[in-house]
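Novice: There's a structure below that I have some questions on.
The values are calculated or read from the model by the stated rules, or taken from the named source; none is laboratory data. Given the structure is predicted, the values throughout are model-derived calculations rather than measurements. Cβ: placed from backbone, ideal geometry, glycine included. Neighbour counts: every protein chain shown.
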Amino acid sequence: MMKLHRRSKEKMTLEARLAGEAHALRERASSMPAGDARESLLRKARQDEITMHLTEWLMSPGLRPPE
């Protein structure tokens, strides 16, 4: 018998989820002492923010395919 993969519709946009995760990571990092673990959280927050901006740029109406 085959299993069906049920897809669920996301309630939040990708940008909103990335912004929320970046904010939560920065909050966690702010309560940590300086060190590798804190830097790792801040790096992940920056990656989320960069991904968020790239996604917004790619989805912008002004972006056109090459001719």
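Novice: Look at ALA34 and say whether it is surrounded by 10 or more Cβ atoms within 10 Å (Cβ to Cβ) and either among the aliphatic types (A, V, I, L, M) or at positive phi (or both).
Specialist: Numbers: surrounded by 10 or more Cβ atoms within 10 Å (Cβ to Cβ): no; either among the aliphatic types (A, V, I, L, M) or at positive phi (or both): yes.
Against the criterion (surrounded by 10 or more Cβ atoms within 10 Å (Cβ to Cβ) and either among the aliphatic types (A, V, I, L, M) or at positive phi (or both)), ALA34 does not qualify.
Novice: Which numbered condition trips up HIS53, out of (1) in contact with a Ser or Thr (Cβ under 9 Å, 6 or more places away or on another chain); (2) without any contact (Cβ under 8 Å) to a residue 12 or more places away in the chain?
Specialist: Among (1) in contact with a Ser or Thr (Cβ under 9 Å, 6 or more places away or on another chain); (2) without any contact (Cβ under 8 Å) to a residue 12 or more places away in the chain, the lone unmet condition for HIS53 is (1).
Novice: What number of residues within segment 10-27 satisfy the criterion of being over 18 Å from GLU56 (Cα atoms) and surrounded by 14 or more Cβ atoms within 10 Å (Cβ to Cβ)?
Specialist: As a first pass, look at segment 10-27 and keep what is over 18 Å from GLU56 (Cα atoms): 24-27.
Among the residues that remain, those that are also surrounded by 14 or more Cβ atoms within 10 Å (Cβ to Cβ) are: 25-26.
Total meeting the criteria: 2.
Novice: Determine, yes or no, whether SER31 is at pLDDT 95 or above and either among the β-branched types (Val, Ile, Thr) or out of contact with any strand residue (DSSP E or B) (no Cβ under 6 Å at 6 or more places or on another chain) (or both).
Specialist: yes
Novice: Moving on to the next point. Where residues in segment 51-66 are among the aliphatic types (A, V, I, L, M) and exposed (fewer than 12 other Cβ atoms within 10 Å of the Cβ), which of them is modelled with the highest pLDDT?
Specialist: LEU54
Novice: Is it true that ARG28 is part of a helix (DSSP H, G or I), in contact with a Leu (Cβ under 7 Å, 6 or more places away or on another chain) and basic (Lys, Arg)?
Specialist: yes
Novice: Right, here's the next one. Anything in segment 5-25 that is at pLDDT 75 or above and assigned to a loop (DSSP other than H, G, I, E, B)? List them, or say none.
Specialist: LYS11, MET12, THR13
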